[in-house]
Each structure stands twice: as structure tokens, then as C-alpha cells.
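S.K.: I'd like to ask you about the structure that follows.
The values are calculated or read from the model by the stated rules, or taken from the named source; none is laboratory data. What you see is a predicted model; the values in this text were computed from it and never measured. With ideal geometry, Cβ positions are generated from the backbone for all residues, glycine too; neighbour counts draw on all protein chains shown.
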Amino acid sequence: MTELSWRWIALMLTAAPVAGALVAYPIWRAGQSILGNLAGTAEQVLDRLAIYGELGASYLVAWMPDYPGEETLRRFADEVMPELR
């Protein structure tokens, strides 16, 4: 098959939202916030990361809002990362 079909396009447009809903639903049922950043104290961030871990996440991609500054990255490295090991 060398061309796209409408079926394939529809599948690709619906796969990501469905997967996102499957991940978000248990978080919503637990009364946790779904939208937003992992922000707060180190304990709050670790609690949220634990939920993602329980759902099967094995890694994360961190984005720091003060980039290229280093303050947030250093705090994450000093206060959160040691607890993840």
C-alpha cells in the first residue's frame, strides 16, 4: 500500500486521543488533576509521578519553564531525582 486512505487517516486522528483518554481516566477517577504541569513541592511532584508510574510510565521528558536558566533543573535534580532511584 503506497497511498493513504481515509480509513488510515481516521485511525491516526483518533488513536492519540483515545490513548490519552485511557491514561487520563484513572487519574481523573482518583480525583487528581489531569491538565497542567508537574509543579509544586518535591513531594507533590513525586506523588504525581507515582501515579504515572502506576499507570505504566517508565520514563518522562522534562521541560523546564526557565530554560535556559538552571534553577528549576537543579531543584528537580537535587530534590526529585534522588527519590526516583
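S.K.: Name the residue that is modelled with the lowest pLDDT, counting only residues in the stretch 63-85 that are under 12 Å from VAL45 (Cα atoms) and under 18 Å from the mean Cα position of the chain (by Cα).
M.R.: Among them, the one singled out is LEU84.
S.K.: Moving on to the next point. Output yes when any residue across the stretch 28-42 is at pLDDT 85 or above and in contact with a helix residue (DSSP H, G or I) (Cβ under 9 Å, 6 or more places away or on another chain), and no when none is.
M.R.: Checked against the condition, which is being at pLDDT 85 or above and in contact with a helix residue (DSSP H, G or I) (Cβ under 9 Å, 6 or more places away or on another chain), the stretch 28-42 yields at least one hit.
S.K.: For the stretch 55-66, how many residues meet the condition of being out of contact with any helix residue (DSSP H, G or I) (no Cβ under 8 Å at 6 or more places or on another chain) and either more than 26 Å from ARG29 (Cα to Cα) or of a type in the set (Asp, Glu) (or both)?
M.R.: The qualifying residues number 1.
S.K.: So which residues in the stretch 1-12 are loosely packed, with under 10 Cβ neighbours inside 10 Å and not β-branched (Val, Ile, Thr), if there are any at all?
M.R.: MET1, GLU3, LEU4, SER5, TRP6, ARG7
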